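The values are calculated or read from the model by the stated rules, or taken from the named source; none is laboratory data. In this text the structure is predicted, and so the values were computed from the model without any measurement. Please note: Cβ atoms are built from the backbone with ideal geometry, for glycine as well, and neighbour counts cover all protein chains shown. SASA here: full protein model, heavy atoms, side chains in, ligands and nucleic acids out. Shrake-Rupley method; radii C 1.70, N 1.55, O 1.52, S 1.80 Å.
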Amino acid sequence: MTGTLITVAATGAEADKALVPALPVTLEELISEAVACREAGAAVIHVHIRDDEAKPTLDVGRLKDTVAAIRASSDLIVQLSTGGAVTDGFAARLAVLDAQPDACSLTCGTVNFGDDVFANPWGFIKDLYQLTQERGVVPEFELFDFGHIATLHRLLREFGPPAGGHVHCDLVMGVPGGMPGDAATLVAAVQALPGGATWSATGIGRTSLPVLFAALAAGGHLRVGMEDTVTFARGRPVTGNEELVQRATQAAEIAQRPAMTPAEARAFLCIP
Ligand code: KMH
Ligand code: ZN
């Protein structure tokens, strides 16, 4: 049994800074959170950035500055979001790779996303996948529903292995419109993954703890962070990403699969 890969999804595109003051939206806030989360046990940071008005942006110049600043202040693996916000177009989402991250998210299908639609048609998925292969950016396959797993199989069948050669997935559970965040669903999803794939899981909102414990019990890895939940316990807002990472690290230690260092995570994910 390996250690536990802990990814922190620090900001996301959905939470409103005005309602969630602890959300890191400036570069300074993001770096401060990144350093604290690295100390607390995170090995990967999943990054969305905001503009001067704290609105989500995919501005490539800002993304490049963010990648450089994270690398200058920590050894975290930098995984940029290519999902962006539901309002982002496909060209801007492909251009994220111009910022030359270590890794990127790659969502394997369209999903209802609350009242919105997170659009990921096959044409976009295959273009993005081929771009990751050309650029040597290691994708993490984001799976919000069972149809996304079928599309992952198709992607690998038609276009071969990803950059680095290893398939790592993230089950994103509990999105209103996606698969539910519970242990039975997690086990069924894991059974459907391609052979040899490794996986993390994250539960959105109130599913964060059930999914965390189910993932550890099933031998998987963890993603936590304010992109996915802004409530630490019933009626108690999250004070920052660090406490979510600390809780994941403690749970992993209890499971006797302690948090991987970023160097161990690089080897595990085949990121040079
Ligand atoms: N913000 C969601 C619409 C990703 O980062 O790749 C998409 C998302 C997935 O967060
Ligand atoms: Zn994201």
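For residue 71 and residue 232, what does the FRET efficiency come to when R0 = 25 Å and r is the distance between their Cβ atoms, rounded to the nearest 0.05?
Efficiency, rounded to the nearest 0.05: 0.30.
Between residue 146 and residue 87, what is 0.36 nm times their sequence separation minus the Cα-Cα distance? Round to one decimal in nm.
18.9 nm
Efficiency by 1/(1 + (r/R0)^6): what FRET value for residue 134 and residue 206, r their Cβ-Cβ distance, R0 = 45 Å, to the nearest 0.05?
0.65
Sorted from largest down, what three extents in whole angstroms do the Cα atoms of region 126-272 have along their principal axes?
Each principal axis gives a Cα extent; for region 126-272 these are 47, 35, 24 Å.
Provide the per-residue ³J(HN,Hα) series for region 163-180, in order, calculated from phi with Karplus coefficients 6.51, -1.76, 1.60 and θ = phi - 60°, each as a whole number of Hz, with x at glycine and proline positions.
Result, ordered by residue: 3, x, x, 10, 9, 10, 10, 10, 7, 9, 10, x, 5, x, x, x, 5, x Hz.
Using a 1.4 Å probe, what is the accessible area per residue for the chain, in Å²?
Ligands and nucleic acids excluded, the figure is 40 Å² per residue.
Beyond 15 Å, how much of the Cα-Cα pair distribution for region 1-78 remains, as a whole percent?
Of all Cα-Cα pairs in region 1-78, 53 percent lie more than 15 Å apart.
What Kirkwood hydrodynamic radius do you get for region 186-270 when you take the inverse of the mean 1/r over all pairs of distinct Cα atoms, in Å?
About 13.7 Å for region 186-270.
Residue 20 to residue 122: FRET efficiency via 1/(1 + (r/R0)^6), r the Cβ-Cβ distance, R0 45 Å, to the nearest 0.05?
0.85
Calculate the translational D of the chain in whole µm² s⁻¹ from Stokes-Einstein, where the hydrodynamic radius comes from the Kirkwood formula applied to all Cα pairs, the temperature is 10 °C and the viscosity 1.306 mPa s.
88
Limiting things to C-alpha atoms, what are the Rg and the maximum Cα-Cα separation (Dmax) for region 72-207, in angstroms?
14.3, 41
Just report the Cα centroid separation between region 189-226 and region 129-183, whole Å.
Measuring centre to centre over Cα atoms gives 14 Å.
Determine the calculated [θ] at 222 nm for the chain from helices alone, applying -39500 (n - 2.57) to every DSSP H run no shorter than 4 residues and normalising by the residue count; nearest 500 deg cm²/dmol.
-11500 deg cm²/dmol
How many percent of all Cα-Cα pairs in region 101-164 sit more than 13 Å apart?
Looking at region 101-164, the distances longer than 13 Å represent 60 percent of pairs.
Counting only residues 5 or more places away or on other chains, whose amide H sits under 5 Å from the amide H of residue 4 once H atoms are built in the peptide plane?
259, 260
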